[in-house]
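S.K.: I am attaching a structure below and will ask some questions about it afterwards.
What follows draws every value from the coordinates through simple rules; no lab data is involved. Bear in mind that the values here come from a model prediction, so they are computed numbers and not experimental data. A quick note on method: Cβ atoms are made from the backbone with ideal geometry, for glycine too, and the neighbour counts reach across all protein chains shown.
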Amino acid sequence: MPKHDTPLLDELEKGPWPSFVTDIKRQAATKPECWDILGQVELSYKDRITHWKHGGIVGVFGYGGGIVGRYSDVPKQFPGVAHFHTVRIAQPSGMYYSAAKLRAICDLWQKYGSGMTNMHGSTGDMVLLGTTTPNLEPLFYELTHDLNQDLGGSGSNLRTPACCLGKSRCEWACYDSQALCHFLTNHYQDEIHRPAFPYKFKFKFSACPNDCVAAIARSDFAVIGTWRDDIRINQAEVKAYIDGKTPSNGGAHSGRDWGKFDIKKEVIDLCPTGCMWMEGDTLKIDNKECTRCMHCINVMPRALRPGAEQGATICVGAKAPILDGAQFATMTFPFVKIDAETEFEEVVEKIEKIWDWWMEVGKNRERVGETIQRVGLPTFLKVMEVEPIPQHVREPRSNPYVFWSDEEVEGGFERDIREFRKRHAQ
Amino acid sequence: MALSIDELKAAMIEKATKAPKPQLYIKDFYECDPDAKPRNVKNVANDLVKEGKLMFWSSGSTTMYALPSRIKNEETREAAEESK
Ligand code: HEM
Ligand code: HEM
Ligand code: SF4
Ligand code: SF4
C-alpha cells in the first residue's frame with residue numbers, strides 16, 4: 001500500500017506534544033494499511049466531512065455487541081481501510097492487568113488487526129481499531145480461549161461496567177467499587193453481550209464523591225460512594241496542617257511556593273455550603289449541611305476522613321449530547337447500602353426497577369435520562385417508589401403551578417359539574 | 001392473554017417480513033404481543049437471532065433486528081456492485 005501525501009496531517013506533528021500522526025506512521029512500518037488511515041483522514045480534513053461509514057451486521061457468533069462495523073466510503077481509493085472494524089474488549093475492574101497480558105493482547109492484535117489501539121475508550125473498554133470481517137472469529141477464539149478476555153458491550157446493550165480503583169489503593173473508598181463492578185459484570189452477561197434496551201445503558205462505579213470515573217457525567221446508573229454520619233476529624237492533625245507541619249493536598253502543590261497554609265482561605269471559605277468554622281483551635285463542621293463535596297478531605301487527608309457509616313448515592317440518567325443536550329445524572333437514591341453479603345441486592349433491585357420501566361416507557365434511541373426529562377422527575381420518583389426530598393430539587397421554583405394527583409386530595413377530584421356551575425357561571 | 005413463545009416468534013417473523021423498513025427496533029416488536037413483558041420480547045428476539053431467523057444490525061450505538069434475507073451486509077453489497 002503506497003504512502004499518501006498528507007500535508008494537513010503533517011502539520012499535527014510539529015508541536016512539542018505527542019502526535020497521533022507520528023504514531024500511525026510508525027505503525028505503518030509493519031502494517032501498511034495504516035497509510036490508508038492517514039490518506040483517508042487527510043481527505044476528510046480537505047472535504048470537511050468524515051469518510052467512515054458506520055454500522056452493519058458484523059459480529060461474532062452468539063454476541064450482539066462488542067464489534068462495531070466500520071467501513072470506508074471511498075474504499076477504491078483506500079482499500080486498506082475498506083473494512084476497518086472496531087473491537088471492544090472488557091477491561092478488568094479498576095484497569096489492573098499485567099504487562100504480560102497487555103503484550104499478549106497487542107500481539108494478538110498485530111496478528112489479526114491493524115495493531116492500532118485506543119487505551120482506553122470512553123466506555124472504559126480496551127479498544128482495538130481496524131480489522132476485517134474474516135479475522136473476527138479467529139481473533140475472538142484466541143481472545144477468549146487463550147487470553148481469557150471477553151468482548152465488551154456496544155449497541156443497545158448494557159455497556160462494559162467501569163469502576164475506580166477503590167479499596168485496592170484509595171483510603172477514601174466508601175464501598176468496594178471493584179467488587180460491585182465485577183459482580184454486576186458477571187450477573188448481567190446476557191445484557192452485556194446481547195441487545196436488551198431501547199438504547200445503550202451504562203453503569204459506572206466511583207467509591208467516593210471525587211468520582212474518578214466521572215460516573216455522574218457518563219453513566220445512566222452512577223453509583224457514588226458516600227457516608228451518612230459525620231466527617232471524622234482528628235483535631236491534632238488539623239493543627240499540624242495549620243502549623244505547616246503537614247503539607248496540604250498530600251504535597252501535591254509543592255512545586256511552587258504558595259505561601260503559608262491558610263485554613264480559612266483554602267478550606268473553610270471554599271466549603272460550598274459554608275458549614276465549617278473554627279472555634280479557637282478546633283475545627284467544627286455542621287454535618288447536616290455538608291454536601292459531601294470532598295474538598296476539605298482532599299486538602300487535609302490526614303485530619304479529615306469520610307464518616308464511618310458508608311454506602312453510596314445512586315444518580316440516574318447522564319448522557320452526552322445526541323438527541324438533546326448533555327446532562328449530568330440526577331440524584332435519585334440518596335443512600336444505598338452496598339453489601340456483598342446480600343449479593344448487592346439493594347443495587348440489583350434498583351437497576352431492574354429502572355430497566356423494567358424504561359424498556360416499557362422509553363422511546364427508541366432514548367437514554368433513560370431523556371425519558372426522565374420527558375415524563376418529569378416526580379413521575380420517575382413515583383415509579384421508583386422514592387419519597388421526594390429537598391435534595392431532589394435542582395433549582396428554585398420558576399413555575400407557579402402545583403399539581404395534585406387524585407389520591408393526594410381528600411375526597412378526590414370527583415365532583416358534579418352542574419352543581420359547580422350553579423355557583424360559578426361560565 | 002400473552003402469546004406462547006412459538007406464537008410470539010411467528011408474529012415477530014411476520015412483522016419483520018412485512019414491515020416497510022427491513023431493520024426494526026426491539027420496541028417495534030412489542031406490539032406483536034402487547035401483554036408480553038418487554039424483557040421476554042427481547043429474549044425471544046435474541047433467540048431468533050441464535051436460530052438464524054433474525055440478524056442483528058448495529059450502528060455501534062443502537063442495535064436493530066432484521067430478516068437475514070432483507071438486509072445486505074456492506075460487503076455483499078460491495079461485491080454485488082462490483083459484479084454489475
Ligand atoms: C407602567 C406600565 C405597566 C405597569 C406598571 C404594569 C404592571 C403590571 C403588573 C403589576 C401586573 C401583574 C403581574 C402579576 O400578576 O404578577 C401586570 C400584568 C399584566 N400586564 Fe402590565 N403593566 C404595565 C404596562 C402594561 C402594558 C403596556 C401592557 C400591554 C400592552 C400590559 C399587559 C399586561 C398583561 C397582559 C398582564 C397580565 C400578565 C399575566 O397575567 O401573566 N402591561 N402588569
Ligand atoms: C389566534 C390567536 C391567539 C391564540 C391561539 C392565543 C392563545 C393564547 C393562549 C393559549 C394563552 C394562554 C392562556 C392561559 O394559559 O390561560 C394566551 C394568553 C395570552 N394571550 Fe393569546 N392568543 C392569541 C392571540 C393573542 C393576541 C392577538 C394577543 C394580544 C394582542 C394575545 C395576548 C395574550 C395575553 C396577554 C395572554 C396572557 C393572558 C393571561 O396570562 O392572563 N393573544 N393566548
Ligand atoms: S473515586 Fe474516590 S475512592 Fe475512587 S479512586 Fe477516586 S478518590 Fe478514590
Ligand atoms: S465535604 Fe465539602 S461540603 Fe462537606 S464540609 Fe467539607 S468542604 Fe464542606
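S.K.: List A:Asp125, A:Asp211 from most exposed to least, where exposure is judged by having the fewest other Cβ atoms within 10 Å.
M.R.: Taking fewest neighbouring Cβ atoms as first place, the list is A:Asp211, A:Asp125.
S.K.: Once the Cα atoms of helix A:33-47 and of chain A are each reduced to a long axis, what angle between those two axes, in degrees from 0 to 90 to the nearest 10, is obtained?
M.R.: 60 degrees
S.K.: If I take every Cα pair under 8 Å that is 6 or more residues apart in the stretch A:232-305, average their sequence separation and divide by the length, what percent do I get for the relative contact order?
M.R.: Relative contact order of the stretch A:232-305: 43 percent.
S.K.: Could you please rank A:Trp357, A:Trp404, A:Trp227, placing first whichever residue has the fewest other Cβ atoms within 10 Å of its Cβ?
M.R.: A:Trp404, A:Trp357, A:Trp227
S.K.: Sticking with this structure for a sec: Return the average number of partner chain Cβ atoms within 10 angstrom of each residue Cβ along peptide B:25-34.
M.R.: Taking the mean over all residues of the peptide, I get 3.
S.K.: What FRET efficiency, computed as 1/(1 + (r/R0)^6) with R0 = 60 Å and r the Cβ-Cβ distance, is obtained for A:Ala425 and A:His187, rounded to the nearest 0.05?
M.R.: Working: r = 63 Å, r/R0 = 1.05.
The formula returns an efficiency of 0.40 here.
S.K.: Let me ask something else about it. What does the C-alpha gyration tensor say about the overall shape of the stretch A:7-145? Classify as rounded when a/c is under 1.5, otherwise prolate if a/b is larger than b/c, or oblate.
M.R.: oblate
S.K.: So, one more: Per 10 Å bin, what percent of the C-alpha pairs of the stretch B:5-83 does each bin hold, from zero upward?
M.R.: Spelled out bin by bin, the stretch B:5-83 gives 18, 51, 23, 7, 1 percent.
S.K.: Another question about this same structure. Would you please classify the overall shape of the stretch A:93-208 from the alpha carbon gyration tensor, given that a ≥ b ≥ c denote the square roots of the eigenvalues, rounded means a/c under 1.5, and beyond that prolate means a/b larger than b/c while oblate covers the rest?
M.R.: oblate
S.K.: Using per-residue counts of other Cβ atoms within 10 Å, averaged over each peptide, order B:52-58, A:389-395 from highest down.
M.R.: On the way: B:52-58: 20.9, A:389-395: 9.3.
Top of the packing list down: B:52-58, A:389-395.
S.K.: Follow-up. Run the numbers for A:Met95 and A:Asp107: contour at 0.36 nm per residue of separation, minus the present Cα-Cα distance, in nm.
M.R.: 2.4 nm
S.K.: Okay, moving on. In the protein assembly as shown, which Cys residues have no partner Cys with a Cβ closer than 4.7 Å?
M.R.: Cys with no partner Cβ under 4.7 Å: A:Cys34, A:Cys106, A:Cys170, A:Cys174, A:Cys208, A:Cys271, A:Cys275, A:Cys290, A:Cys293, A:Cys296, A:Cys315, B:Cys32.
S.K.: Per-residue ellipticity at 222 nm for the protein assembly as shown, helices alone: DSSP H runs ≥ 4 residues times -39500 (n - 2.57), over residue total, nearest 500 deg cm²/dmol? Don't jump to the answer; show the numbers that get you there.
M.R.: On the way: 19 runs with 174 residues, N = 510.
Helix contribution divided over all residues of the protein assembly as shown: -9500 deg cm²/dmol.
S.K.: Can you give me the orientation-averaged projected area of the convex hull built on the Cα atoms of the stretch A:232-305, in nm²?
M.R.: 4.6 nm²
S.K.: Quick check: from the Cα gyration tensor, does chain A come out rounded (a/c under 1.5), prolate or oblate?
M.R.: Oblate is the answer for chain A, as a/c is 1.5 or above yet b/c matches or exceeds a/b.
S.K.: Sticking with this one: Helix A:177-187: angle to the longest alpha-carbon principal axis of chain A, degrees 0 to 90, nearest 10?
M.R.: 70 degrees
S.K.: Now, a different point. Mind pulling the per residue volume of the convex hull built on the Cα atoms of the stretch A:1-85? Å³ is fine.
M.R.: 120 Å³
S.K.: Sticking with this structure for a sec: Given bins 10 angstrom wide, list per bin the percent of all Cα-Cα distances in the stretch A:140-250, short to long.
M.R.: So the P(r) values, bin by bin, are 13, 31, 28, 14, 8, 5, 0.
S.K.: Take peptide B:38-49, look around each residue's Cβ out to 10 angstrom, count Cβ atoms belonging to other protein chains, and average those counts. Working shown, then result.
M.R.: On the way: counts 11, 8, 0, 1, 8, 3, 0, 4, 7, 1, 0, 7.
Partner Cβ neighbours, averaged per residue: 4.
S.K.: Cα axis of helix A:99-112 to longest principal axis of chain A: angle in degrees, 0 to 90, nearest 10?
M.R.: 50 degrees
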